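Values quoted throughout were computed directly from the atomic coordinates according to the rules given, and no laboratory measurement underlies them. Quantities reported herein were computed from a predicted structural model and do not represent experimental measurements. A quick note on method: Cβ atoms are made from the backbone with ideal geometry, for glycine too, and the neighbour counts reach across all protein chains shown.
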2 protein chains.
Amino acid sequence: MQKSRLNREQRERLTRILAHDFQHQPELLDRALTHRSFSSDNYERLEFLGDSILNFIIAEDICDRFPDTDEGTLSRLRSSMVRCETLAEIGRELDLGSYLLLGSGELKSGGYDRDSILEDVLEAIIGAIYRDAGMELARAFVLRIFADRLKRLDLSVSLKDPKTRLQELLQKEGRDLPEYNIIDVSGPPHKQVFKVECDLADADKLYSGTGQSRRKAEQDAANRALADLLEQN
Amino acid sequence: MQKSRLNREQRERLTRILAHDFQHQPELLDRALTHRSFSSDNYERLEFLGDSILNFIIAEDICDRFPDTDEGTLSRLRSSMVRCETLAEIGRELDLGSYLLLGSGELKSGGYDRDSILEDVLEAIIGAIYRDAGMELARAFVLRIFADRLKRLDLSVSLKDPKTRLQELLQKEGRDLPEYNIIDVSGPPHKQVFKVECDLADADKLYSGTGQSRRKAEQDAANRALADLLEQN
């Protein structure tokens, strides 16, 4: 990349919006905003890296924020943060669409406001900040742009019982309701452990859960199924 | 966690094997080896965190190793590194099964050698090292245990799966990405057969594939579409 693809005014505005000045490798900012329809020197590799950095930073923050929460719930909370719609929303808040470099076809078809592109560009910018200035500044950026949403992550919502939420999700997608089957009961009578499998009729995978009652084991299994489905979406 | 669940000899051996001494938070090592069938104070949260750290470290290493490789290939190379079978293999090389803390049911059913458990424990150990000593030592650990496999990552060997190859071919030709639709599932629950159709938006033909999982059926369908396209070219 020979010269900047952004003009000086654009670069200054973006530096303020992102609160990050690409001092070491200014070309990274141009690349992070370049769609493959515009140039083969585009954001895709930065997006690949940035996606993994984002996942890690959000995972760690959520772990620290909810020290007593089980892994299934953590996984669900993270999915809600890093899913496409959320990232596209943040991309719009940062007005990234105005700085995108798109080929003419993508321009005409409204690529600057497409969720999938805004998601990718936001991840690419995270990757670019990491490459320019390291993990601590990348973390500061991510936690700043997610600050309100992380604060709003209310466990009361997420603690709504997993079986109900799984059922609601499957109904919304027009799918069959899950079946729960006890597959093992072990331990002494006063301290039994139930193992249950949650069977989604149209999935090729079973989700197992354990707990000290049948109900708890079912909730555990539902939680795992839910985390998986939300991740696929 | 009051006292160590590992005895002194086990702890010393593991410290040598992992080349990491849990000096700051020794209890993290116990927790990373504890399955939920053994205690509610188990590895699951560490696994959640460790998984994201592993993904990031491998993503960055592969980006640096292959500076000219497209994102699709990077993504595939990473998948081959962090998939369950690879992690379980490394878990066996480190003899993690010998140190696992499992409930009696899991013990009897051979949980200490189950791929999914070995995968989880390895990720939990990565999370534990990160929590104990930070990213740089976690990175050193990951790159050490993956060293041979990363060196062997030969681009020519990384045979692309049919879905990826089809996608890349269509992208190169500026065409829309294919859609995969399940059109039939038959057979008994433990031996289902999936039938899938691959729909290329701009072709007047559907390519069907079958397999014992949705994924396999999709790969089969993609393979047929690919063969057809390559023949036309």
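Among A:110, A:187, A:127, which one shows the biggest mean-square fluctuation in a GNM of chain A, springs joining Cα atoms closer than 10 Å?
Comparing A:110, A:187, A:127 in the GNM, the peak value goes to A:187.
At a threshold of 8 angstrom on Cα-Cα distance, excluding pairs fewer than six apart, so keeping six or more, what relative contact order does chain B reach in percent? Walk me through the numbers before you get to the answer.
Values: 318 pairs, mean separation 38.2, N = 233.
Computed value for chain B: 16 percent relative contact order.
Enter the Cα centre distance for the pair the stretch A:97-157 and the stretch B:68-84, rounded to the nearest angstrom.
Using only Cα atoms, the two centres lie 22 Å from each other.
Just list whichever of A:195/B:108; A:160/A:195; A:216/B:191; A:191/A:216; A:205/B:216; B:191/B:216 have alpha carbons separated by over 19 Å in the model shown.
Over 19 Å Cα-Cα: A:160/A:195; A:216/B:191.
Projected onto the charge dipole of the protein assembly as shown (+1 at Lys/Arg Cβ, -1 at Asp/Glu Cβ, origin at the Cα centre), which of B:162, B:129, A:58 gives the Cα projection farthest towards the positive end?
My answer, from the dipole projection, is B:129.
Treating only the Cβ atoms of Lys and Arg (+1) and Asp and Glu (-1) as charged, compute the dipole magnitude of chain B about its Cα centre; round to the nearest 20 debye. List each step's numbers first, then the result.
Details: 34 positive and 43 negative charges, 161 e Å.
So the magnitude is around 780 debye.
Averaged across the residues of A:61-74, what count of C-beta atoms belonging to other chains lies within 10 Å of each residue's C-beta? Please list the in-between numbers first.
Numbers: counts 0, 2, 7, 1, 0, 1, 1, 1, 2, 6, 11, 2, 1, 4.
Mean shielding by partner chains, rounded to a whole number: 3.
Taking a cut-off of 24 Å, what percent of all Cα-Cα pairs in the stretch A:119-215 are separated by more than that? Numbers along the way, then the final one.
On the way: 2542 of 4656 pairs.
Percent of Cα pairs beyond 24 Å in the stretch A:119-215: 55.
Mind checking which aspartates and glutamates have their Cα closer than 15 Å to the Cα of residue A:151? Skip sequence neighbours fewer than 8 apart in that chain.
The reachable aspartates and glutamates, counting only those whose Cα sits under 15 Å from residue A:151, are A:60, A:61, A:64.
Dipole magnitude of the stretch A:160-232 about its Cα centre, charges +1 at Lys/Arg Cβ and -1 at Asp/Glu Cβ only, in debye to the nearest 20? Intermediate values should be presented prior to the final figure.
Numbers: 12 positive and 14 negative charges, 93 e Å.
Here the stretch A:160-232 has a charge dipole of around 440 debye.
Kindly write out, for the stretch A:76-86 in residue order, the coupling ³J(HN,Hα) from the Karplus curve 6.51 cos²θ - 1.76 cosθ + 1.60 (θ = phi - 60°), rounded to whole Hz, with x marking Gly and Pro.
Taking θ as phi minus 60°, the curve returns 5, 4, 5, 3, 5, 7, 9, 6, 3, 4, 4 Hz for the stretch A:76-86.
Return the average number of partner chain Cβ atoms within 10 angstrom of each residue Cβ along peptide A:170-176. Please list the in-between numbers first.
Values: counts 0, 0, 0, 0, 0, 0, 0.
Mean shielding count: 0.
Calculate for chain A the 222 nm mean residue ellipticity that helices alone would give, adding -39,500 (n - 2.57) per DSSP H run of length 4 or more and normalising by residue count, nearest 500 deg cm²/dmol.
Details: 12 runs with 136 residues, N = 233.
After summing the helix terms and dividing by residue count, I get -18000 deg cm²/dmol.
Computed FRET efficiency, Cβ-Cβ of residue A:24 and residue B:152, R0 45 Å: what is it to the nearest 0.05? Intermediate values should be presented prior to the final figure.
Numbers: r = 33 Å, r/R0 = 0.73.
So, using R0 = 45 Å, E works out to roughly 0.85.
Could you derive backbone 3J(HN,Hα) for the stretch B:26-36 from the dihedral phi with the Karplus parameters 6.51, -1.76 and 1.60 (θ = phi - 60°), listing whole Hz in sequence and x where the residue is Gly or Pro?
Listing the rounded values in order: x, 5, 4, 5, 4, 4, 5, 9, 9, 6, 5 Hz.
Distances from residue A:186 to the same residue in each other copy, label points 7 Å out along Cα→Cβ, in nm, shortest first?
Reported distances to equivalent positions: 3.9 nm.
What is the order of A:82, B:121, A:185, fewest Cβ neighbours within 10 Å to most?
Values: A:82 18, B:121 28, A:185 13.
Fewest to most other Cβ atoms nearby, the residues stand as A:185, A:82, B:121.
What's the average, rounded to a whole number, of partner chain beta-carbon atoms within 10 Å of each residue's beta-carbon in B:42-48?
Details: counts 2, 1, 5, 9, 2, 1, 13.
So the per-residue partner count for this stretch is 5.
Dipole of the protein assembly as shown (Lys/Arg Cβ +1, Asp/Glu Cβ -1, origin at the Cα centre): which of B:187, A:39, B:94 lies farthest to the positive side?
B:94
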